[in-house]
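As structure tokens, the structure follows; a few thoughts come after it.
The values are calculated or read from the model by the stated rules, or taken from the named source; none is laboratory data. No experiment lies behind these values; they were computed from the predicted model shown. Every residue, glycine among them, receives a Cβ derived from its backbone with ideal geometry; neighbour counts consider all protein chains shown.
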Amino acid sequence: MTTFPGLANCHSHVFHRALRGRAQPGGERGGDTFWGWRDRMYALAAVLDPDLLHDLAVATYAEMRLAGIGVVGEFHYLHHGPDGTPYDDPNATGEALIAAAREVGLRICLLDTAYLEVTEHVHRRFADTDGEAWAGRVNDLAARHAGADDVVVGAAIHSVRAVPADQLATVAGALPDAPLHVHVSEQPAENEWCLATSGLTPVALLAEAGVWTPRTTAVHATHLTDADVILLGDATAYACFCPTTEAELADGVGPSVRLREAGARLTLGSDSNTVIDVFAEARAVEMHERLVTGRRGAWGAAKLTEAATRTGYASLGFTPDLAETDTVTLRDSVRLAGVDEPLWAATASDVEPPSDLPYDAAEVTAMLRRAVDALWERV
């Protein structure tokens with residue numbers, strides 16, 4: 001047996017798990033670009049309710065625990081009913097996700113995401129009326145869970161397209177001591193739109209609003225200028241890379257080494273949950289860098305382990321030492337035979353199931369199948 005610190009999954013959209021293997025190019029549900037994939041994702045978002053979201057989250061979070069993940073950052077924007085009407089409890093969907101994480105013993109940073117621009121019908125269920133309305137709702141949710149040792153309520157800006165520039169500072173300041181995450185520069189089209197409408201890159205626009213601080217995480221950060229890299233580094237912000245999703249959606253390869261050298265701190269996420277395997281995400285950061293540069297060794301095992309564990313915990317508002325409490329045990333498998341550094345060879349399937357998980361792998365498999373099938377039946 002080999003022990004490893006608990007793994008941090010710093011960026012998850014749990015309902016995207018239902019897209020795994022069902023939104024591929026050339027298929028009925030697919031699309032050959034990010035935007036075609038997004039159409040299928042929106043179709044799922046349109047039919048979810050708190051109960052089905054809870055069921056899918058229980059199964060997906062159980063899969064995360066089987067993969068050795070001790071904490072998840074859930075980037076949550078499915079706030080309201082399909083027509084935008086709030087539920088009787090305006091935080092019903094957020095509470096459904098928190099309850100699901102607790103059911104399987106997973107620590108959660110619920111990143112309640114501001115989404116204020118409605119340009120398509122499905123956006124109505126994402127959107128609060130303005131930044132102040134969003135801030136009031138998220139502060140209520142944070143107050144309910146103040147002092148909990150297994151829940152952190154943080155804030156998120158969905159993107160510069162979803163939150164108007166004059167609302168960014170309101171969102172950034174709503175929970176001043178909590179983690180703040182933001183999708184930024186995932187696709188070139190995002191940068192082009194931002195430059196055309198503001199004359200600034202997304203990173204620079206967010207900097208003007210005071211978004212970048214040591215508590216902020218830039219998610220994806222794929223298409224950055226040199227000036228963007230300096231802004232994130234000077235803020236000692238986190239940069240959350242999600243390599244399996246960024247490859248799945250043809251996003252590109254972000255400048256991980258330049259960000260690190262500038263002072264930013266790497267974390268890792270499963271994002272669309274096409275793969276739930278932090279070992280795979282960590283290795284992919286190095287392997288993608290090799291493909292881009294033609295050189296090996298930009299990221300050693302120690303740096304990647306730190307990103308996958310303690311740095312990830314800190315970015316989600318949990319004490320980094322909790323990674324030691326959430327220790328992962330790796331079985332002596334064929335993949336690890338003769339290996340002296342497990343990070344380079346281990347997969348999620350090498351993780352010994354945690355003793356406190358209330359479901360075994362077969363039960364989790366059945367739960368996932370039921371929840372995914374039930375969701376697609378509604379589409």
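State yes or no: is G73 of a type outside the set (S, T, Y) and touching a His at 6+ places or on another chain (Cβ under 6 Å)? The answer is yes for G73. The set of residues from region 99-128 being of a type in the set (S, T, N, Q) and either modelled with pLDDT of 95 or more or crowded, with 20+ Cβ neighbours inside 10 Å (or both) comprises just one member, T113. Selection of region 189-199 for residues being surrounded by 16 or more Cβ atoms within 10 Å (Cβ to Cβ) and either among the polar types (S, T, N, Q) or in a loop (DSSP other than H, G, I, E, B) (or both) yields only N191. Checking each residue in region 22-62 for being surrounded by fewer than 17 Cβ atoms within 10 Å (Cβ to Cβ), at pLDDT 95 or above and part of a helix (DSSP H, G or I) picks out only D51. Yes or no: region 256-267 includes at least one residue that is under 24 Å from A346 (Cβ atoms) and at pLDDT below 95. No, the conditions are met nowhere in region 256-267. When G173 is tested against (1) surrounded by 20 or more Cβ atoms within 10 Å (Cβ to Cβ); (2) touching a helix residue (DSSP H, G or I) at 6+ places or on another chain (Cβ under 9 Å), exactly one condition is not met: (1).
Every condition in (1) more than 19 Å from R65 (Cβ to Cβ); (2) touching a residue at least 60 places away in the same chain (Cβ under 8 Å); (3) surrounded by fewer than 17 Cβ atoms within 10 Å (Cβ to Cβ) is met by R370 except one, and the failing one is (1).
Take T170 and tell me if it is among the β-branched types (V, I, T), over 21 Å from T311 (Cα atoms) and either touching a residue at least 24 places away in the same chain (Cβ under 8 Å) or not in a helix (DSSP H, G or I) (or both). Spelling it out, T170 is indeed among the β-branched types (V, I, T), over 21 Å from T311 (Cα atoms) and either touching a residue at least 24 places away in the same chain (Cβ under 8 Å) or not in a helix (DSSP H, G or I) (or both). A Cβ distance below 6 Å, combined with a sequence gap of six or more or placement on separate chains, defines the contacts here; from region 192-219, residues that are touching a residue at least 60 places away in the same chain (Cβ under 8 Å) reach residues that are part of a helix (DSSP H, G or I) in the pairs T217/S315. Taken over region 313-341, the criterion of being touching a Lys or Arg at 6+ places or on another chain (Cβ under 9 Å), in contact (Cβ under 8 Å) with a residue 12 or more places away in the chain and not small (G, A, S) is satisfied by Y313, L316, F318, L322, E324, D326. Output yes when any residue across region 250-261 is farther than 27 Å from L195 by Cβ, surrounded by fewer than 22 Cβ atoms within 10 Å (Cβ to Cβ) and acidic (D, E), and no when none is. The answer is no, given that none of the residues of region 250-261 is farther than 27 Å from L195 by Cβ, surrounded by fewer than 22 Cβ atoms within 10 Å (Cβ to Cβ) and acidic (D, E).
In region 84-92, the count of residues that are among the aromatic types (F, W, Y), within 28 Å of L330 (Cα to Cα), in contact with a helix residue (DSSP H, G or I) (Cβ under 9 Å, 6 or more places away or on another chain) and modelled with pLDDT of 95 or more is zero.
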